[in-house]
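Undergrad: Next up is a structure, given as structure tokens.
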Ligand code: ITT
């Protein structure tokens, strides 16, 4: 039988997660609970800059937020980069999703045999006035039709390498390999070292 540990679990570290997207909070919290970190969603308006990559957007956003909010926080910028579309929708993923949705991406990709795509997530951590940006990547392919009802955004059309299912069909696998889970796992390890 496993011996009982006398060690009392420490108080969780509470961090604000600046985002308007509750799906992001849920997925990140699933990862960070294993590191004793509790996230609280905080809405702070941040006009995203035009940039080539999500890491630049996350950095610029965190700089803007730090002028309005003095505490410790995390935020992230993420996007889907499709090879055959020269990286589109990329940093425009949110706008593209609102305008053309997953159906629009599938239409743009009609006739494309190379369906490689990559999800990227850059997390900016502001802790004690110092910033750190961590990026997580998940490689996969764009399907020919939307499948699955779970998750959000482009999940029904993205199939990660190593799976026959889309993210929307298999959220357990998503939480293991996604761009977000990879970035937040690194963040969890980093914060665990500091405590
Ligand atoms: P913020 O308030 O945190 O900015 P947001 O939803 O506006 O929330 P982004 O600006 O990072 O987030 O936009 C990224 C878009 O990319 C998002 O709206 C989704 O459409 C898509 N996306 C990001 N991560 C995704 C994921 O894990 N699965 C599916 N789609 C995702």
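Undergrad: Which residue, of 158, 184, 119, is more than 10 Å from the ligand (Cβ to nearest atom), surrounded by 15 or more Cβ atoms within 10 Å (Cβ to Cβ) and touching a residue at least 60 places away in the same chain (Cβ under 8 Å)?
TA: The unique qualifying residue is 184.
Undergrad: Kindly establish whether residue 176 is without any contact (Cβ under 8 Å) to a residue 12 or more places away in the chain and within 14 Å of the ligand (Cβ to nearest atom).
TA: Here the answer is yes, as residue 176 does meet what is asked.
Any read-out appearing in this document is the output of simple, stated calculations on the displayed coordinates, not a laboratory observation. Being a predicted model, the structure only gives us computed values, none of them experimental. A quick note on method: Cβ atoms are made from the backbone with ideal geometry, for glycine too, and the neighbour counts reach across all protein chains shown.
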